[in-house]
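Working notes, structure below.
None of the figures in this text is laboratory data; all of them are computed from the coordinates on show. Just so we're clear, the structure is a prediction, and the values are computed from it rather than from any experiment.
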Amino acid sequence: MRVAIAEVVQETDSFNPVHSDIRDFEKYGLYEGGVILEKARGVGMIGAFLDLAQDELDGMELIPIIRAWAGACGTLTAETLDYFEKRIVEGLQAAMPLDGVYFALHGAAAAEN
């Protein structure tokens, strides 16, 4: 079973006049590809999924795409949203064929566009 994994977490504070960009994610945790399996294990939603996949789902092939975490910041810039969209779409296309996708999102993110 081949499962792609991706995570984008940012809680938008709409009262914050400073927009959030890729530097906020780089500061708090932006990983792509195989480094996700090293850096995110045991941390947050993706870390819990990695632990479960290792312990309970023997034989699952994980295809890490992106893990991005920025905490509470201002509204995402359009360029930042475009960056994540491009990385995720290209990563999924390159990973095909897939049996599933684990996509961890935080429901409070908002972008200027």
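Using Cα-Cα distances under 8 Å and only pairs 6 or more residues apart, what relative contact order does the chain have, in percent?
Averaging sequence separation for qualifying contacts and normalising by length gives 51 percent for the chain.
Over all directions, average the projected area of the Cα convex hull of the range 2-105 and note it in nm².
The directionally averaged projection comes out at 6.4 nm².
Where does helix 78-95 land angle-wise versus the long Cα axis of the chain, in degrees 0 to 90, nearest 10?
Result, in degrees: 10.
Return the sequence-ordered ³J(HN,Hα) values of the range 4-21 in whole Hz as given by the Karplus equation 6.51 cos²θ - 1.76 cosθ + 1.60 applied to θ = phi - 60°, using x for Gly and Pro.
My calculation for the range 4-21 gives 7, 10, 8, 8, 9, 10, 7, 9, 6, 9, 5, 8, 7, x, 8, 5, 8, 10 Hz in order.
Please report the spacing between the Cα centers of the range 79-113 and the range 48-66 in Å, no decimals.
A separation of 18 Å, based on Cα centres.
Rounded to the nearest 10 degrees, what's the angle between the helix 44-56 long axis and the longest principal axis of the chain, both from Cα atoms, 0 to 90?
For helix 44-56, the angle is close to 0 degrees.
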